[in-house]
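Q: Quick one: the structure is below, and I'll ask about it shortly.
We did not get these values from a lab; they are worked out from the coordinates using the rules stated. Quantities reported herein were computed from a predicted structural model and do not represent experimental measurements. Cβ atoms come from the backbone with ideal geometry, glycine included; neighbour counts cover every protein chain shown.
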Amino acid sequence: MPEGHTIHRLARDHRKDLVDRSVTVGSPQGRFTQGAAVLNGRVLTGVDAYGKHLFYRWGDDTLHVHLGLFGRFMRYEHARGAPPEPTPTTRLRLITDAVTIHLSGPTVCELMNPVAEDALRARLGPDLLGRRPNADAVFDALQRRRSAIGTVLLDQRVLVGVGNVYRAEALFLCGIHPDTPANAISRAHFDLLWETLRQQLRAGVAANRIVTVEPGDVGVTTRRQLTEDQRLYVYRRAGEPCRRCGTTITSWTLSARAIYACPSCQPEQAV
DNA sequence: TACATATGATCAT
DNA sequence: TGATCCTATGTAA
């Protein structure tokens, strides 16, 4: 379940669990055995997130993890009982005195040196969850593209951190139709979209899940009262009524992913 | 058992 | 645009 918020939250949690600790590193599945051997038993010096990429540092030896669509971390505190045995799909296992962490299904789990990391970062756009992402650079990139804003939001060269849920939800919150050409978005609308995405992603890190709905729109007063199926405005809600206006939510395919929108709240020509 | 599906991304055509 | 890689889960057969 990884968009940028998940990755940054994992970095924060794993930093707390692992940094300055000696870590037993293994690959029960066997597909990262060589790399694990290099890191095993050494003291972790840092954990960083950039977009949807994670970097675990043992000095200049870096473990690069990208969860892709299916990757998952599981965390087990030893104080709560013995951790489960790894499964045949446990690519990576990290163990300290206090916790055991299992990773399965990642797209990437590899050793990386600083040069390769620089090259990777160089081909990625600003991280919306970074300290001071360059909005001007992203707006300039939009100006140069005719493709749909819904497509550009998932283009890693333009910006990183947004995934398929946040793209649909943020465009709804901003009243922007996903098919709107990127170069037709005004600076004012871009600024709104930019701030919306940053704010939503930050909220996602804090809550460790995606919740975009204003409680008042579903008749409750606090975020806490939202049920699991009241968290989102449009994502996976095709055929259901818009929470704001009642119009039926529509869905289609945009850059090989499902996109969702309210035809009334996100009129085609609004930019 | 099989299939569809998923909050990702790249590469070939 | 389609094929491909990675895994778990729910539903259908």
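Q: Mind listing P(r) for segment A:79-197? All alpha-carbon pairs, 10 Å bins, whole percents.
A: In order of increasing distance, the bins hold 11, 33, 22, 20, 11, 2 percent.
Q: Can you tell me the Rg and the Dmax, both Å, for the Cα atoms in segment A:1-110?
A: Cα only, segment A:1-110: 12.6, 34 Å (Rg, Dmax).
Q: What size of dipole, in debye to the nearest 20, comes out for chain A about its Cα centre when the only charges are +1 on Lys and Arg C-beta atoms and -1 on Asp and Glu C-beta atoms?
A: Roughly 120 debye for chain A.
Q: Also, quick follow-up: Taking the Cα centre of segment A:1-40 as the origin, how large is its charge dipole in debye, to the nearest 20, when only Lys and Arg (+1) and Asp and Glu (-1) carry charge on their Cβ atoms?
A: 20
Q: Let me ask something additional. For a test of the definition: using alpha carbon positions, the gyration tensor, and the 1.5 limit on a/c, classify segment A:150-191 as rounded, prolate or oblate.
A: Verdict is oblate for segment A:150-191.
Q: Among A:149-158, A:34-43, how do they line up from the highest to the lowest mean number of other beta-carbon atoms within 10 Å?
A: The densest-packed peptide leads the list: A:149-158, A:34-43.
Q: Now a separate question. Only four residue types carry charge here, +1 at the Cβ of Lys and Arg and -1 at the Cβ of Asp and Glu. Report the dipole size of segment A:124-237 about the Cα centre in Debye, rounded to the nearest 20. Before the final figure, lay out the partial values.
A: On the way: 16 positive and 12 negative charges, 47 e Å.
About 220 debye.
Q: For segment A:202-271, restrict the atom set to alpha-carbon positions and state the Rg and Dmax in Å.
A: So, for segment A:202-271, Rg and Dmax equal 13.2, 37 Å respectively.
Q: Also, quick follow-up: May I ask you to compute the full-extension gain from A:Val43 to A:Phe70, defined as 0.36 nm times their residue separation minus their alpha-carbon distance, rounded to one decimal in nm?
A: On the way: separation 27, 0.36 × 27 = 9.72 nm, distance 2.83 nm.
Length gained between A:Val43 and A:Phe70: 6.9 nm.
Q: If you don't mind, there's one more thing I want to ask. Let me check against my output: what whole-number percent is the relative contact order of segment A:148-271, with C-alpha pairs under 8 Å and at least 6 apart?
A: 29
Q: Moving on to the next point. Using label points projected 7 Å from each Cα along Cα→Cβ, tell me how many nm separate A:Thr96 and A:Ala79, to one decimal.
A: With each label point 7 Å from Cα toward Cβ, the separation is 1.3 nm.
Q: Which value in deg cm²/dmol, rounded to the nearest 500, describes the helix-derived mean residue ellipticity at 222 nm for chain A, given -39,500 (n - 2.57) per DSSP H run of n ≥ 4 and division by the residue count?
A: About -8500 deg cm²/dmol.
Q: Using Cα pairs under 8 angstrom and six or more residues apart, how large is the relative contact order of segment A:17-81, in percent?
A: Over segment A:17-81, the number comes to 22 percent.
Q: Taking neighbour counts of Cβ atoms within 10 Å as a proxy for exposure, in what order, fewest first, do A:Leu226, A:Leu197, A:Leu173, A:Leu69 appear?
A: So the ranking, lowest neighbour count to highest, is A:Leu69, A:Leu226, A:Leu173, A:Leu197.
Q: Which one of A:Leu171, A:Ser104, A:Gln156 is farthest out on the positive end of the charge dipole of segment A:104-202, using unit charges on Cβ (Lys, Arg +1; Asp, Glu -1) and the Cα centre as origin?
A: It is A:Leu171, whose Cα lies furthest towards the positive end.
Q: Also, quick follow-up: Net charge around A:Pro106, counting only other residues with Cβ within less than 14 Å of its Cβ (Lys, Arg = +1; Asp, Glu = -1)?
A: Its environment carries a net charge of +4.
Q: Another question, if that's okay. Taking each pair of distinct Cα atoms in chain A once, what is the resulting Kirkwood hydrodynamic radius in Å?
A: Result for chain A, one decimal place: 20.0 Å.
Q: Right, something else. At a threshold of 8 angstrom on Cα-Cα distance, excluding pairs fewer than six apart, so keeping six or more, what relative contact order does chain A reach in percent?
A: 16
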